[in-house]
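Okay, so here's the structure we're looking at.
The values are calculated or read from the model by the stated rules, or taken from the named source; none is laboratory data. Values in this document were obtained by computation on a predicted structure and should not be read as measured data. Here Cβ is always computed from backbone atoms with ideal geometry, including for glycine, and neighbour counts include all displayed protein chains. Keep in mind that these areas ignore ligands, DNA and RNA; they rest on the heavy atoms of the full protein, side chains included. Shrake-Rupley method; radii C 1.70, N 1.55, O 1.52, S 1.80 Å.
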Amino acid sequence: MLKFTEEHEWLKVEDGVATVGITEHAAGQLGDLVFVELPEAGATFAKGDSAATVESVKAASDVYCPLDGEIIEVNQAIVDDPSLVNSDPQGAAWFFKLKLADPRSADGLLDEAAYKELVG
Amino acid sequence: MEPMSRLNHTPLHALHLSLGARMVPFAGYEMPVQYPEGVLKEHLHTRSAAGLFDVSHMGQVIIRPKSGRVADAALALERLVPVDVLGLAEGRQRYGLFTNPEGGILDDLMIANRGDHLFLVVNAACKEADFAHLKDGLGDSCDVTLLDDRALVALQGPRAEAVLCELWADVASMRFMDVAEADLHDVTCIISRSGYTGEDGFEISIPATSAVDVTQRLLEHPDVLAIGLGARDSLRLEAGLCLYGNDIDTGTTPVEAALEWAIQKSRRAGGERAGGFPGADRILAELAGGTRRRRVGLKPEGRAPVRGGAKLFADANGAVPVGSVTSGGFGPSVDCPIAMGYVDAAHAENGTQIFAEVRGKYLPVTVSALPFVKQTYKR
């Protein structure tokens, strides 16, 4: 089951590892992306830290780390082709895999229904 | 951010909403930043076919000489701009700058000779100040009117001429910077062959009451797509054109901004009407002796865009500052990041490698010739 943050990231948690991306709503709001900068595997972040950057023709935006944890893998495919984030944001265009400091910390995030309510 | 409810609307506001535009506050107006196609497609469509822009927020000003002789208006306006206005032939238009006593730029504008009056187009954010400046600076010789009953649309791109020809065949005989009056669907419009995208194209001033009708008919053409402010910005950046408030302002002079081409020989030292505009001492001295810093084009080497505000350095560790970026982003037609900014004269030569600070890193950028795309004006 997918979890969501109020900052428009989605997470799929399996065995204490969260696959993280930005939501379809966020990708739509950002417009055509032309550049993605990802963290390095091994980096650790606290919840709310800026972990990645996405840039459209017009502007740069931060992607925040949704929970405390360590980056164990990043998705080079979206660096090579940032438009993938626009075409398949909640599928092939995941950003990074995060080994959660506390495997149960995702429980407090929004579920799909609550997120949908948030973005209307 | 200004509340949307207090913002002005152009005569085309409802049309933008019906086209699905995303509206944003801009210079006191609620304006379309993009349509459902998105900035990238809108930009590329303008370069390959024709884009239609609502620029009705800009100020349209008429300067009418009380004597009836347009030369009197031209000479009066020359007291405010370092531009040859007297030599501007009837039916011709020219780019100009309002300067202040320190040589800084108050606004940039277009000046057209319309036979018995001058017709000016100024920036939206400056139009009230420009109007007061004109009233003040022209004295009693002219009547100055800020038109609030006209829309302005720009049709830009390689198909613009063919599209407009279907409404008015004579448009094909116009050259770059010609200005003419014509009836489009029985509405009398003022058309100039100009724009701010680097493409061939036209700006069309339309009475507000007919603006929706004329614009809608232009949009019905299969080659024409409505284009928002987002793509307008990336198009003008690729074309190396300054955005007032970003790349030029009261703290930059025309020579620093590499706009000396807008100062004709007649207004320079030794010319028939040399000087006589605000800041002439400084600007004429800079024309002769150069400036400490210059506006240049910048090409970042990687894929990361370098935005306005980024600091520039001579070295890769940020020890020697040499300037800053004033406009930067991604150029969809050139498929790479591009930027403009000011650098110390020693680093202003094309090919010089400098470094831009982006999120704590120092990325290599190369000083590059402007524009980034080939201009296609019909000269």
- Message: So residue B:217 ticks every box in (1) open to solvent by 10 Å² or more (accessible area, probe 1.4 Å); (2) within 14 Å of chain A (Cβ to nearest Cβ); (3) not β-branched (Val, Ile, Thr) but one. Which box is left unticked?
- Response: (2)
- Item | Residues that are open to solvent by less than 80 Å² (accessible area, probe 1.4 Å) and without any contact (Cβ under 8 Å) to a residue 12 or more places away in the chain, drawn from the range B:123-151 | B:132
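Run down B:2, B:90 and say which single residue is more than 14 Å from chain A (Cβ to nearest Cβ), in a loop (DSSP other than H, G, I, E, B) and modelled with pLDDT under 95. First the steps, then the outcome.
Details: B:90 fails: modelled with pLDDT under 95.
When all the criteria are applied, what remains is B:2.
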- Note on the structure: Taking the range A:9-32 and keeping only residues that are touching a helix residue (DSSP H, G or I) at 6+ places or on another chain (Cβ under 8 Å), over 13 Å from residue A:93 (Cβ atoms) and touching a residue at least 60 places away in the same chain (Cβ under 8 Å), one is left with A:11, A:13, A:18, A:25
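Could you tell me which residue of the range B:332-344 is farthest from the other protein chains (Cβ to nearest Cβ), considering only residues that are of a type outside the set (Val, Ile, Thr) and crowded, with 22+ Cβ neighbours inside 10 Å? Lay out the reasoning, then the answer.
The first filter runs over the range B:332-344 and keeps only residues of a type outside the set (Val, Ile, Thr), leaving B:332-333, B:335-337, B:339-342, B:344.
The next check asks that each one be crowded, with 22+ Cβ neighbours inside 10 Å; those that pass are B:332, B:337, B:339-342.
Details: B:332: 6, B:337: 8, B:339: 13, B:340: 16, B:341: 17, B:342: 21 Å.
Among those that are of a type outside the set (Val, Ile, Thr) and crowded, with 22+ Cβ neighbours inside 10 Å, it is B:342.
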- Sort out which residues of the range B:297-322 are more than 14 Å from chain A (Cβ to nearest Cβ), in contact (Cβ under 8 Å) with a residue 24 or more places away in the chain and surrounded by fewer than 24 Cβ atoms within 10 Å (Cβ to Cβ), and write them in order of number. B:297, B:299, B:311, B:313, B:314, B:315, B:316, B:317, B:318, B:322
- Query: Name the pairs whose Cβ atoms lie under 6 Å apart, with the first residue in the range A:37-53 and more than 14 Å from chain B (Cβ to nearest Cβ) and within 17 Å of residue A:21 (Cβ to Cβ), the second at pLDDT 95 or above and open to solvent by less than 40 Å² (accessible area, probe 1.4 Å), and 6 or more positions between them or separate chains?
  - Reply: A:41/A:71; A:45/A:51; A:45/A:65; A:47/A:67
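Among B:20, B:104, which is the only one that is of a type in the set (Gly, Ala, Ser) and surrounded by fewer than 17 Cβ atoms within 10 Å (Cβ to Cβ)? It would help to see each step written out before you state the result.
Values: B:104 fails: surrounded by fewer than 17 Cβ atoms within 10 Å (Cβ to Cβ).
It is B:20.
Check whether at least one residue in the range A:88-95 is among the acidic types (Asp, Glu), within 30 Å of residue B:328 (Cα to Cα) and more than 14 Å from every other protein chain (Cβ to nearest Cβ), and report yes or no.
Residues of the range A:88-95 among the acidic types (Asp, Glu): A:88.
Narrowing further to those that are within 30 Å of residue B:328 (Cα to Cα): A:88.
Those left that are additionally more than 14 Å from every other protein chain (Cβ to nearest Cβ): A:88.
Yes, the conditions are met somewhere in the range A:88-95.
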- Of all residues in the range B:220-260, which are open to solvent by 30 Å² or more (accessible area, probe 1.4 Å), touching a strand residue (DSSP E or B) at 6+ places or on another chain (Cβ under 7 Å) and part of a loop (DSSP other than H, G, I, E, B)? B:223, B:243, B:246, B:249, B:250
- Checking A:98, A:33, A:67 in turn, the sole residue that is crowded, with 17+ Cβ neighbours inside 10 Å, modelled with pLDDT of 95 or more and over 12 Å from the mean Cα position of the chain (by Cα) turns out to be A:33
- Message: Can you pull out every residue in the range B:17-30 that is out of contact with any Asp or Glu (no Cβ under 7 Å at 6 or more places or on another chain) and over 10 Å from residue B:225 (Cβ atoms)?
- Response: B:17, B:18, B:20, B:21, B:22, B:24, B:26, B:27, B:28, B:29, B:30
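Counting residues that are of a type in the set (Ser, Thr, Tyr), which strands (runs of 3 or more DSSP E) fully inside the range B:283-379 reach at least 1? Before you say what the answer is, go through the steps one by one.
On the way: elements: B:293-300, B:311-313, B:321-331, B:336-344, B:353-358, B:361-368.
Passing ranges, in order: B:321-331, B:336-344, B:361-368.
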- Contacts under 9 angstrom Cβ, first residue in the range B:354-379 being in contact (Cβ under 8 Å) with a residue 40 or more places away in the chain and more than 26 Å from residue B:179 (Cβ to Cβ), partner open to solvent by 40 Å² or more (accessible area, probe 1.4 Å) and aromatic (Phe, Trp, Tyr), 6 or more apart: B:355/B:362; B:356/B:362
- Task: Exactly one condition in (1) more than 14 Å from chain A (Cβ to nearest Cβ); (2) touching a residue at least 24 places away in the same chain (Cβ under 8 Å); (3) of a type outside the set (S, T, N, Q); (4) outside any loop (DSSP other than H, G, I, E, B) is not met by residue B:68; state its number.
- Result: (4)
- Message: Restricting to the range B:152-167, count the residues that are buried (at least 17 other Cβ atoms within 10 Å of the Cβ) and either farther than 22 Å from residue B:49 by Cβ or of a type outside the set (Gly, Ala, Ser) (or both).
- Response: 9
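Counting only residues that are under 30 Å from residue B:326 (Cα atoms), give me the strands (runs of 3 or more DSSP E) lying completely in the range A:1-62 with at least 3 of them. Don't jump to the end; show me each part of the working.
Values: elements: A:2-4, A:9-14, A:17-22, A:33-37, A:50-56.
Ranges flagged: A:33-37, A:50-56.
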- Picked from the range B:345-358 (must be of a type in the set (A, V, I, L, M) and over 17 Å from residue A:35 (Cβ atoms)), the residue surrounded by the fewest Cβ atoms within 10 Å (Cβ to Cβ) is B:346
